[in-house]
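Before any comments, here is the structure.
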Amino acid sequence: MTESSVSPPDAHRVDPLEPWPDAVEWRPVSPKLITVELINRAIWVALLLAGLFVGWMYNDHELWLAGMGAVVLFAIWRSFITVRAVRAWGYAERDNDLLVRHGLVIRRLSIVPYARMQYVDVTAGPLERAFQLATVQLHTASAASDAKVPGLPPEEASRLRDRLTALGEDRAEGL
Amino acid sequence: MTSTDAPAQPEEQPEPAAEPPAALSPVPTEEPRRRLHPMSPLLHGAKSIAVIVAALSWQTLSQVGVGRFALVVLVLAVGVVILSLISWLNTGYHIVGRELRIQDGLLWRRNRAIPLERLQSVELRRPLLAQLTGLAELRLEVVGGGKTEAPLAYLTVRDAAALRERLLALAGRTPAQPAPAPADPAAPAPAAPTGERPMLQVNNQDVLVSQLLTPQAFFLPIGVAFVVVQFVLQGSWGFVGIASTVTAMAGVLMQPVRRVLQDWNFRLARDTDGRLLVRFGLVETRSQVVPLHRVQTVTATWPLLWRPKQWLHLRLDIAGYPGPQSGTDKGSDRLLPVGDFWTARALVWDVLPGVDLMALPTTPPPARARWLHPFALRRIGAGLTDQVFVSRWGLLTRQLSVVPYARLQSVRVVQGPIQRRLGLATVYADTAGGRSGTAHDRDLAEAWALAEQLATRARRAREEHSGRDVVAAAVTDDTTWQRPPAPADQPSADQPSADQPPAQP
């Protein structure tokens, strides 16, 4: 990245998901994450529906049914969003910092310098493990920093972790 | 970093201070473990009485009667004293190399090593009881964890001051001269470091007036009238009722009163190493030492009611102190409790050399952001200067925050659904202090450019910083305490704010 990118050439053709399109190469997360997220949501929806159903059994009122309908509709809508959101999730390793972008309704982009890294977490829940996925999270001294990359294949996760720690040690500055 | 296993520690020794240090220490520089002051358990017990009374509440008092209430409180307080006595027996600290080691814990023994290079600030606190007994509490702030990780309560004032000096000497960036004499504990240390240069003393009257100019103080007469009317109408003058009401009122009033008590006699000074010495407090005196390179952000606030006086207050964030959101008013982050603009300007220039409160141009967000900020739009702004990221916000209470690039931890760009409609985005500059510099609702293209600029400038600042630090320690002594360059024309002092011509970032 050079200084020349201060004033973007054309302010009106900025893609919210593609800042600096020529300078950054975004890597996607695994599409299997869609399945994981959907299953995760399905479990929650099932639990909610079960709760509402029990309520309906005891107290025969249309509101319970309406609630169940709303939950189902919301779940379907969220599922469409999830598919797109996972596709929108991306990360990029630049020379000095890690970029992570995610979110569709609320779009977020984080720029975290390797030099500020305090530690790296690699986690994998049971569902993620079943699909051979892992989550890498970079922590800085600021609690507000938000650099989490889910849905990585294990080898990519460990590669990223090793690279981050190597770069972090290299450029360590701490606070 | 938290706990180290030190099997060879003389941990279980009943009288460690009496042992010859060289006999059983593996490292030659290791010194004997030292105890806190023997009065500590009593002070802890006395302190707990207030907590116990509050926990039992006035209601209980009226139910069980004064005698039994006092008995219960006494029994509990004695229990606390006994517990603190045991914990005192198990607590010790000593310095090993460039680490401070603290052992404590009753059931779960903890042996904590604090690397002194990571020290953010050191504070010496003297609550009222400690002042009466000549003791002090030493608090070390390190990053990580929401609370102070290493309070040493209590030491004698002299010990605490000496220990603080040693810790700071060890923590200094310059890898200290061959271990400054493993000082024998009895050596008298100057209570105040020599060569200290006073910078500022805040007038107590100003503090008092400034806290009278707060919403709480304005509502006090209304509150009192309300309570009196209620009592007169209902005619119930029970002790519990009055006591409860007074307690409730105290809750509301507490903040300004506590501010006055805390900010009383507020003094700032610089020591020879360029560190900031902050002293304040009436009932509980506190004295902080903050190395300047630990300052994460500086925030200036112009409260609405202070505007006739043209006053503002300055706050600084240090990594390790609990953030403002943690609710308690304990965050000791004052740089200037109350003062006029010129004082603040000189102070900021001193704390962040080269940053002039007058010359912080910001640009407002594009006009279409008025959908999100119908009134405050002209008061919002963000800008980049040579060294700092500036942002301002707030219609009634105007605020301005300054984040040095060298302190940036990460940069975020966030766009919510409404912002997406309007083609806007918000840029956050995160620091370790808990507060982020925020550029609200910028044009999307500008937001990306801003984020890129912040990342680039932060990197450059970091690179320079690592080289400059050693020099800075030597230079800061005399060069920094000069007034910022006087502006050619003196604009209205009340705010150097959004009316300035926009500058392109």
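What follows is calculated from the coordinates using simple rules that are stated; it is not laboratory data. All figures in this text were calculated on a predicted structure; none of them were measured in a lab. Neighbour counts are summed over all protein chains in view; Cβ atoms, including those assigned to glycine, are modelled from backbone coordinates with ideal geometry.
Sort region B:203-263 into rounded, prolate or oblate with this rule: let a ≥ b ≥ c be the square roots of the eigenvalues of the Cα gyration tensor; rounded if a/c is under 1.5, and if a/c is not under 1.5, prolate when a/b is larger than b/c, oblate otherwise. Kindly include the intermediate steps, with their values, before the conclusion.
On the way: a/c = 4.02, a/b = 2.24, b/c = 1.79.
Here region B:203-263 falls in the prolate category.
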Report summary line: Once phi for every residue in region A:54-63 is put through the Karplus expression 6.51 cos²θ - 1.76 cosθ + 1.60 (θ = phi - 60°), the whole-Hz ³J(HN,Hα) values, with Gly and Pro written as x, are 4, x, 5, 4, 7, 9, 6, 9, 5, 4
Query raised in the report: Expressed in whole Å with the largest first, what are the equivalent ellipsoid semi-axes of region B:56-126 derived from the C-alpha gyration tensor as the square root of 5 times each eigenvalue?
Result: 39, 15, 9
Report summary line: Dividing the mean separation of Cα pairs under 8 Å (6+ apart) by the residue count of region A:117-175 yields a relative contact order in percent of 35
Query - For B:GLY339, residues with placed amide H under 5 Å, excluding near neighbours - result: B:LEU312
Report summary line: Per DSSP, the loop-located trypsin sites (Lys or Arg not before Pro) within region B:47-147 having at most 14 other beta carbons within 10 Å are B:ARG109, B:LYS147
Report summary line: Pseudo-spin-label distance B:ARG370 to A:LEU73, built 7 Å along Cα→Cβ, given in nm, is 3.7
Query raised in the report: Around A:HIS139, what is the net charge, scoring Lys/Arg as +1 and Asp/Glu as -1 over all other residues with Cβ under 14 Å from its Cβ?
Result: 0
Query - Stokes-Einstein D (µm²/s) once Rh is taken as the Kirkwood radius of region A:91-140 over alpha-carbon pairs, at 4 °C in 1.567 mPa s - result: 105
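With a ≥ b ≥ c the root eigenvalues of the C-alpha gyration tensor of region A:32-85, is it rounded (a/c under 1.5), prolate (a/b larger than b/c) or oblate?
Numbers: a/c = 6.65, a/b = 2.28, b/c = 2.92.
In terms of gyration-tensor shape, oblate.
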Query raised in the report: With each pseudo-label sitting 7 Å past Cα toward Cβ, what's the B:ARG307-B:TRP108 distance in nm, one decimal?
Result: 5.1
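Where does region B:290-478 land on Rg(C-alpha)/(2.2 N^0.38 Å)? Each step should come with its number before you reach the end.
Values: Rg = 16.8 Å, N = 189, 2.2 N^0.38 = 16.1 Å.
Relative to the 2.2 N^0.38 Å estimate, region B:290-478 comes out at 1.04.
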Query - Distance between modelled label sites at A:ALA66 and B:GLN387, nm, 7 Å Cα→Cβ extension - result: 6.2
Report task. Work out the FRET efficiency for B:ARG267 and B:VAL246 from their Cβ-Cβ distance, taking R0 = 22 Å, and round it to the nearest 0.05. Result -> 0.10
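Can you sort B:GLU141, A:GLU156 so the residue with the fewest Cβ neighbours within 10 Å comes first?
Working: B:GLU141 24, A:GLU156 17.
Ranking B:GLU141, A:GLU156 by Cβ neighbours within 10 Å, fewest first, gives A:GLU156, B:GLU141.
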Report summary line: Relative contact order as a percentage, region B:290-478, C-alpha pairs under 8 Å and 6+ apart, gives 19
Query raised in the report: Using 1/(1 + (r/R0)^6) with R0 = 35 angstrom and r between the beta carbons of B:VAL229 and B:ALA70, what's the FRET efficiency to the nearest 0.05?
Result: 0.55
Requested in this report: Note down the relative contact order for region A:32-85 as a percent, whole number, built from C-alpha pairs under 8 angstrom at least six residues apart.
Outcome: 46
